[in-house]
């Protein structure tokens, strides 16, 4: 259920898959992304030339995407960008994706000092926008400011 937050943004109730809190500027991907061959490991840039957000940086962002796409090796790529510090600060998905869940859970186990929470937001997902300050709360709630603060 989407709710107003002080009249300046939205709060969505999500389901935490990998708990934790994160904060960053949002990047909404229009299409699913394959982490295997779709992300540059060295800097977190989308390198899939066919993706609408080709060239966008994901490092430190709250990455919002419908779900992942492609190879099961994407789990290892996601875990590696989390380890190296070139990954997103957190993930918001519209639907659970086993490849991304495994990647985040593996990273949480191997690199507990580098959290990357993942939440599923089904209702209200389409209200989320790019370029907004966004927070993921440990209970799965996602807050997004209407404008930069």
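Every number here is computed from the coordinates shown, using simple stated rules; none is lab data. It should be emphasised that the depicted structure is a prediction, and the values quoted were computed from it without experimental measurement.
Comparing mean-square fluctuations of 74, 85, 60 from a GNM of the chain with C-alpha springs under 10 Å, the top value falls on 85.
Among 123, 13, 80, the largest mean-square fluctuation in a Gaussian network model of the chain (Cα springs under 10 Å) belongs to 123.
Under Stokes-Einstein, with the Kirkwood radius over Cα pairs as Rh, the value for region 1-121 at 4 °C and 1.567 mPa s is 91 µm²/s. The GNM of the chain, with springs linking C-alpha atoms under 10 angstrom apart, assigns the highest mean-square fluctuation among 70, 87, 38 to 70.
With the helix formula -39500 (n - 2.57) applied to DSSP H stretches of n ≥ 4, the chain reaches a computed 222 nm mean residue ellipticity of -5000 deg cm²/dmol.
Tally the DSSP beta bridges in the chain and give the antiparallel ones as a percent, rounded to 5. Working shown, then result.
On the way: 19 of 30 bridges.
In the chain, DSSP labels about 65 percent of beta bridges as antiparallel.
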